[in-house]
Amino acid sequence: MSLRDAIETTLRAWNAYEIERGDSPTIDFDCFPDGPEVEPASDRLTVYRQLAQLRTSAEGPLASRLDADLAYLGALLGERPPLSDYIRATQGCGSAGWPDDYVAERAELARRALADLGIGWGPNTNADLRQAEGLLDVNEAPDAIRQAAQDLEPAVREATGSTAPYTLTIETTEVDAYWAYWLDGAGDHVRLRLNLPNVEFTQAGARQFALHEVLGHGLQSASLAARAAVEDVPWVRLLSIHAPQQVMLEGLAQAWPLFILPDDKVLIARLRLSHYTQLVLAQVHRAINAGTPVIECADHLRACLPWESDKTIAGDLADRGADPTHRSYMWAYPAGFDWFTALAEADVKVSREVLNAAYRDPLTPADLTELWPEGPPIGGPGGPVRLRKPPIP
């Protein structure tokens, strides 16, 4: 058995263990569903010892993947390394963050895009933007997403060079979690779940769903699987959100409208607002892990994102401060989003090379930097951040 296959066997056993005990899977997309059937691992510590032993022989992409698995599993077992170390090991990038002046620039871009739609900045911003996006009944959403994916698929395939087939299943669910939609699957089978309590469906949102989940995560993962089915690829064929390909996956999925629908004013307004929001969330991600009192972090979010409820803010903080999974995974959103937003403004030859590569290999932040050395530092350049407080009523 090759080292890669031994790693995959161990990861499959760990995944089976987590599912058996009722916890979340550790594998989110299986790019090699013909892999062997395995028995669930006996416990997490045994898995940790096995992965650590495999790490002694690993190099390159196998080593970076094992570093991520060990860091994440260590966190599940009780370790709490400094945020910078944890993000570097799992997501493969820095966590210096973005300075106030840059975040302010992105806020101004969002304000302008919203103003072009006649939408102001305040407690009603998100609700007003939803109205501009065109509200949909929940029963209309699956068909609207499928139609949008069908309409946009040729452009995404042309941009990426992907010819991989995929089959889409859309399910609805109601769970108490932060996510509004989630994609997983195996091989060319892609499942999109819609978490009904957390999302209002809109016409523009259907286009966003199609680009982010179906043609982003779905087609991209199916494309990786199609390559893995015919080539002896050097990377682990099991995708997990705590591993360093996630910055690329989430970054591109969020930024796809900039490449495919740059003239869609409503959707681009949503994207500008989302980019700014992720940068603000990154600020409190760093702050709460540096020991800043929770109420100061909450006040900062309320001042910067006045449309967020206390319930949403509480979830934002708990995810980034207390949860071992999201303490890693949530950093992939701002880190990847910011980098791919910059890529959309780069020379088309550079962006085309990156987009093609992203649908062939699970690129890490190091891979992205090698493809575009002139790009911004992934995870931010650093700089001073001053937490704000909401104005006194």
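Of all aspartates and glutamates in the structure, the ones whose alpha carbon falls short of 12 Å from that of Lys265, not counting any fewer than 8 places away in one chain, are Asp116, Glu133.
Treating the Cα atoms of region 167-281 as identical point scatterers in vacuum, please give the log10 of the normalised Debye intensity I(q)/I(0) at q = 0.16, 0.23 Å⁻¹, two decimals. Relative scattering, expressed as log10 I(q)/I(0), comes to -0.84, -1.46. Of the chymotrypsin sites (Phe, Trp or Tyr not before Pro) in region 97-201, the ones in a loop by DSSP (not H, G, I, E or B) with at most 15 other beta carbons within 10 Å are Trp121, Tyr178, Trp179. For Lys311, the lysines whose Cα comes closer than 24 Å to its Cα, not counting residues fewer than 8 places off in the same chain, are Lys389.
Arg88 contributes about 130 Å² of solvent-accessible surface, heavy atoms of the protein only, 1.4 Å probe. Karplus-derived 3J(HN,Hα) values for region 216-232, using 6.51 cos²θ - 1.76 cosθ + 1.60 with θ = phi - 60°, are x, 4, x, 5, 5, 5, 5, 5, 4, 5, 4, 5, 5, 6, 10, 10, 7 Hz; glycine and proline are entered as x.
Relative to the current alpha-carbon distance between Leu76 and Arg388, full extension at 0.36 nm per residue lengthens the span by 109.1 nm. Estimated at 0.36 nm per residue, the fully extended path between Ala346 and Ala318 surpasses their Cα-Cα distance by 6.5 nm. The value given for the chain is a Kirkwood hydrodynamic radius of 21.5 Å, derived from the mean inverse Cα-Cα separation.
Under a 5 Å amide H cut-off, with hydrogens placed 1.01 Å from N, Thr202 pairs with Leu136 among residues at least 5 apart or on other chains. In order along region 369-385, phi translates into HN-Hα couplings of 5, 5, 6, 9, x, 7, x, x, x, 6, x, x, x, x, x, x, 10 Hz, rounded to whole numbers, per the Karplus curve 6.51 cos²θ - 1.76 cosθ + 1.60 with θ = phi - 60° and x for Gly and Pro.
Taking all protein chains as shown and a probe of 1.4 angstrom, Cys31 keeps an accessible surface of around 0 Å².
The values are calculated or read from the model by the stated rules, or taken from the named source; none is laboratory data. Bear in mind that the values here come from a model prediction, so they are computed numbers and not experimental data. Ideal geometry is used to build each Cβ from the backbone, glycine not excepted, and the neighbour counts take in all protein chains shown. Areas reflect the complete protein model, heavy atoms only, side chains present, ligands, DNA and RNA absent. Shrake-Rupley method; radii C 1.70, N 1.55, O 1.52, S 1.80 Å.
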